[in-house]
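The values are calculated or read from the model by the stated rules, or taken from the named source; none is laboratory data. As the structure is a prediction and not an experimental result, all values here were calculated from the model. Counting neighbours? That spans all protein chains shown, and the Cβs are built from the backbone with ideal geometry, glycine included.
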Amino acid sequence: MVHNVKKSTVLSLVLFIALLMSSCSSDNKRGHLETSVTKAQSSTVSESTATSTEATETTIETAKETIVETTVPEPVEEVHKPSSQKDISDIIETAIKEFTSVVSFDLSAMNLSKDKVAMTISNAYFDVLSKDPTLKYAYSVIPQYDSDTYIAVCQINYMPYKVGEIDSNNIPKDTYIISTYHDLITVTDQVVGEKSAQIAITDPNLDFDTMQMVLLSQCGYGYIVFTINDDATKLIANPSIGLTMEQYAERIESINEGANRIISEIITDGMSMTI
C-alpha cells in the first residue's frame with residue numbers, strides 16, 4: 001500500500017540528510033570533528049554565559065563611573081529609605097513592573113561608603129533579574145549619588161520596544177522587523193555571515209528572555225551564536241569555537257544548497273499534504 005507523505009515530513013528528512021552529508025564530508029577532510037547539535041549548543045550556552053558575565057561586570061563598572069557629587073538630578077517626590085540590599089531590590093522590582101523611570105533612595109540608614117553605593121544598587125538590580133528574568137526589559141539601572149545628603153537617584157532604562165518607542169511606520173532602512181519569535185529564525189538565516197544586524201521589535205508582548213532562548217536553540221545551526229544587545233535593537237553574531245565566521249557561513253550555505261537540491265528531486269506538485 002502506498003502512503004502519501006506530508007511535505008513538512010519530507011522537508012525534515014531532507015534537512016537531516018543534508019546535515020549528515022555535510023558532517024561526513026567534513027570528517028573525510030579534517031578527521032573526526034565533534035559538531036553534534038548537543039555539543040554545539042553546550043558550547044553556545046557556555047559562551048553565552050561567559051559573555052553575560054562580562055556584560056554584567058561592564059555594567060557595574062559603568063555604574064561606578066556615573067557616581068557624581070554634583071549636578072545630581074532632583075529626586076522624585078517619593079524618596080525610599082531602605083535598610084538593606086533586599087529592600088532596594090524590592091523597590092526596584094516594583095518600579096520596573098510599573099515602568100517607573102526614576103527611583104530615589106535615602107541611603108543614610110545603610111551606612112554605605114561612597115564607593116559601595118553603585119555596587120550595592122547594581123547587585124540589588126541583578127537580584128531582581130535573577131528572581132524574575134521576564135523583567136530584563138529594564139536593561140540597566142544607573143545611580144547618581146550625593147554623599148552629602150545620602151540620596152541616590154537611579155535612572156532605569158527600558159528596551160524601546162517595551163515602552164512604545166518603536167514606530168512601526170517609521171522604521172529605518174536596513175532594519176529587520178521582529179514581530180514574532182519565528183521572525184528571529186528567519187532573520188538569522190538572512191544575515192548569516194554578518195557580525196551584527198539592526199532590528200526593530202514591534203510586539204511589546206515578546207519576552208526578551210524567550211527571544212534569547214530561541215536564538216540559542218533554534219538559530220545558527222550550532223555554528224554561529226546569535227544574541228540580542230542590551231537595549232534589544234541589534235542582533236549580534238559570533239562564531240562557535242573552531243572556525244571563523246566566514247568558514248561557518250560557507251558550511252551553512254553548503255547545507256542549505258544540499259537540502260534544496262534534494263527537495264527539488266523528491267518533492268513533486270502531486271504530493272499530498274496528508275498522511
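Here are a few things to note about the model shown:
- Here Glu257 meets each of (1) crowded, with 19+ Cβ neighbours inside 10 Å; (2) more than 30 Å from Lys136 (Cα to Cα) with one exception, condition (1).
- Count of the stretch 234-265 residues which are closer than 25 Å to Ile177 by Cα and free of Cβ contacts under 8 Å to residues at least 24 places away in the same chain: 1
- Residue in the stretch 252-265 that is among the charged types (D, E, K, R), in the same structural domain as Val191 (by TED's automatic domain parsing) and at pLDDT 80 or above present: no
- Subset of the stretch 75-129 [touching a residue at least 12 places away in the same chain (Cβ under 8 Å) and charged (D, E, K, R)]: Glu78, Lys81, Lys86, Glu93, Lys97, Asp106, Lys114, Asp115, Asp127
- Filter pass, Lys136 being charged (D, E, K, R) and farther than 30 Å from Ser83 by Cα: no
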